[in-house]
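Below: the structure, in structure tokens.
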Amino acid sequence: MDFEFSPEENAFREKVEQWLVENHDPVVMDPTRENFSQLADTPERRAFMRKLAAQGWLGMSWPKEYGGQEIEGVYEFILTEALARHAAPQIGKGVGIIGKTLIRHGSEKLKREFLPKILSAEIEFAVGYSEPQAGSDAANMQLKAEKVDGGWKLNGQKIWTTSAHFADWYWFGARTDPDKPKHDGISLFLLPMDAPGLEIQSMPTIGKDITNQVFFEDVFVADDYLVGERGRGFRYISEALDLERFTMFTLSPTQERTRLICEYVKTAERDGKPLREDPIVRQKIAHLITDTAVARGLSMRFLSAATTAGKPPTNESSQYKLFTTHLSQRTCDVALDIMGPAGQIRVDTEDAPLAGRFEGAYRATVVETIGGGASEIQKNIIARRKLGLPKNF
Ligand SMILES: Cc1cc2nc3c(=O)[nH]c(=O)nc-3n(C[C@H](O)[C@H](O)[C@H](O)COP(=O)(O)OP(=O)(O)OC[C@H]3O[C@@H](n4cnc5c(N)ncnc54)[C@H](O)[C@@H]3O)c2cc1C
């Protein structure tokens, strides 16, 4: 397997890089938000997404009949990693998850309504799977969808819905068939975020950003906005999660942090001695660089498996997410060890070494091993899907 990009892919990578340098805007690109920097949650960040659309960079791998270019997924990977490295909003949720799942499973009406808007960056989505009693056990979701004339009446609650406070549409699962086995009783829906009866309450996270609780009281969703078939929602959600675990947990911010700590070590001193001569520091950095190469290898395996299988690969996605998110946290841990007490000066404090980047990242990256399915769940998936071990829950 070839881990290097082809000359055409490298040319695209350079083109994107140059474009991002030319379009650098600190209002849009904030590396201290870490993983949350991918959200298009302000007018400026939404305008940036429209500029990406104008470049023809949204939906490159989609079929031509839905406005795509049918080129290999590696181009979207190159674009997403470049955007993440510059802390710019990313294409993950709309193009990478909801668009791709609609193309595979949505009705023609939903495709015609939503896909053009995703390609022109007109809409943003929030994703609602988790509920207070249904996080790791997502199939236990209880949001009630009762059949009524022309649609469904929704009552219940979601939690941890990132983006609900600014998104236009809600992509969520609800229980339509309570008498069926739990995995078969769930259906997937789309709903405008300003639907009557929907209430959003924001919660601050350990980093700079917020997530939300969403309450449904007699909310109506029309039949047309059921995604795919009734009762097959959990299968679609599982596929969407395989996409999420790859596209929304990028590696380049970790690579960038590793580069920063290497630069720091080259000139910093502790107790009058250059850090670059300290054998422990050198070993820690060598270890990080090696693990980063492993993570890149796992990302290439995902891309290769996705191309071969024609659908999001489950095991490769879980292995990538598990390894990369822990590496992301380890990078911060190692950097704070190396920097000593100065590393603890708060992000955005004047004179903090490396602008307090690692203090902020240390807190912000805590959520990476939880969101999109906790690490223990990724390990369970690998044990079952890769090793064929029995289910333990
Ligand atoms: C900042 C943030 C943003 C999020 N954004 C979204 C979002 O936009 N949309 C959305 O739907 N969800 C979102 N989530 C929710 C996230 O997916 C869940 O938090 C996650 O799936 C874990 O579920 P839980 O919190 O209910 O923990 P639990 O499921 O209660 O798990 C608690 C602990 O037990 C472990 N555990 C549970 N079951 C098992 C098992 N069978 N085997 C071994 N260990 C197990 C878990 O790994 C974890 O360590 C977000 C979460 C956070 C923190």
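All of the numbers you see were taken from the coordinates with simple rules; none came from a lab. In this text, all values refer to a predicted model and were calculated from it rather than measured experimentally. Note: ideal-geometry Cβ built from the backbone for every residue, glycine included; neighbour counts use all protein chains shown.
Taking Cα centre as origin and charging only the Cβ of basic (Lys, Arg, +1) and acidic (Asp, Glu, -1) residues, the dipole magnitude of the chain rounds to 960 debye.
All distinct Cα pairs of segment 249-386 go into the 1/r average, and the inverse of that average, the Kirkwood radius, is 16.2 Å. If you average the C-alpha positions of segment 163-184 and of segment 1-28 separately, how far apart do those two centres end up, in angstrom? That distance is 36 Å.
Work out the P(r) tail for segment 313-393: percent of alpha carbon pairs separated by more than 15 Å, whole number. Pairs farther apart than 15 Å: 61 percent. With point charges of +1 on the Cβ of Lys and Arg and -1 on the Cβ of Asp and Glu, referenced to the Cα centre of segment 31-190, which listed residue (Trp152, Thr80, Ala139) lies farthest in the positive direction of the dipole? With unit charges placed on the Cβ atoms, the residue in question is Trp152. Only helices enter this figure: runs of n ≥ 4 DSSP H residues, each worth -39500 (n - 2.57), summed and divided by the residues of the chain, yield -13500 deg cm²/dmol at 222 nm to the nearest 500. I'd like to know which of Ile237, Tyr225, Phe48 lies farthest towards the positive end of the charge dipole of the chain, counting +1 on Cβ of Lys and Arg and -1 on Cβ of Asp and Glu. Farthest towards the positive end: Ile237. Volume of the convex hull of the chain (Cα atoms only), normalised per residue: 150 Å³. With a cut-off of 17 Å on the backbone N, the residues of segment 210-237 near the modelled label site 7 Å out from Asn155 along Cα-Cβ are 215-221. Note on Ala309 and Phe5: their simple-model spin labels are 2.5 nm apart, each label 7 Å out from Cα toward Cβ. Rg/Rh, computed from the Cα trace of segment 73-137 with Rh as the Kirkwood radius, has the value 1.04.
Taking the empirical scaling 2.2 N^0.38 Å for compact globular proteins as reference, segment 273-337 has a Cα radius of gyration ratio of 1.44.
Measuring gaps between exposed loop sites in the chain (trypsin sites (Lys or Arg not before Pro); DSSP loop; at most 12 other Cβ atoms within 10 Å), the longest gap, sites not included, is 1-345. FRET efficiency for the pair Val366 and Met203, taken as 1/(1 + (r/R0)^6) with r the Cβ-Cβ distance and R0 = 22 Å, rounds to 0.90. Counted over the chain, the DSSP beta bridges are approximately 85% antiparallel.
Stretching the chain fully between Ala47 and Leu389 yields a gain of 118.4 nm (0.36 nm per residue, less the alpha carbon separation).
Normalised by 2.2 N^0.38 Å, where N counts its residues, the alpha-carbon radius of gyration of segment 7-123 equals 1.04. Nearest 0.05, what FRET efficiency do Arg282 and Glu217 give at R0 = 56 Å with Cβ-Cβ as r? That gives a FRET efficiency of 0.40. Amide H contacts for Ala121 (H built 1.01 Å from N in the peptide plane; partners 5 or more residues away or on another chain; cut-off under 5 Å): none found. Distance between the 7 Å Cα→Cβ label points at Arg235 and Arg259: 4.3 nm. Backbone amide hydrogens, once placed in the peptide plane, bring His165 within less than 5 Å of nothing, excluding anything fewer than 5 places away on its chain. Between segment 253-323 and segment 37-92, how far is it from one alpha carbon centroid to the other, in angstrom? Computed from Cα coordinates, the inter-centre distance equals 24 Å.
Its Cα gyration tensor gives segment 127-230 an equivalent ellipsoid. The semi-axes, each the square root of 5 times an eigenvalue, are 22, 16, 11 Å from largest down.
Remark: segment 249-386 carries a charge dipole of roughly 780 debye about the Cα centre, counting +1 on each Lys and Arg Cβ and -1 on each Asp and Glu Cβ.
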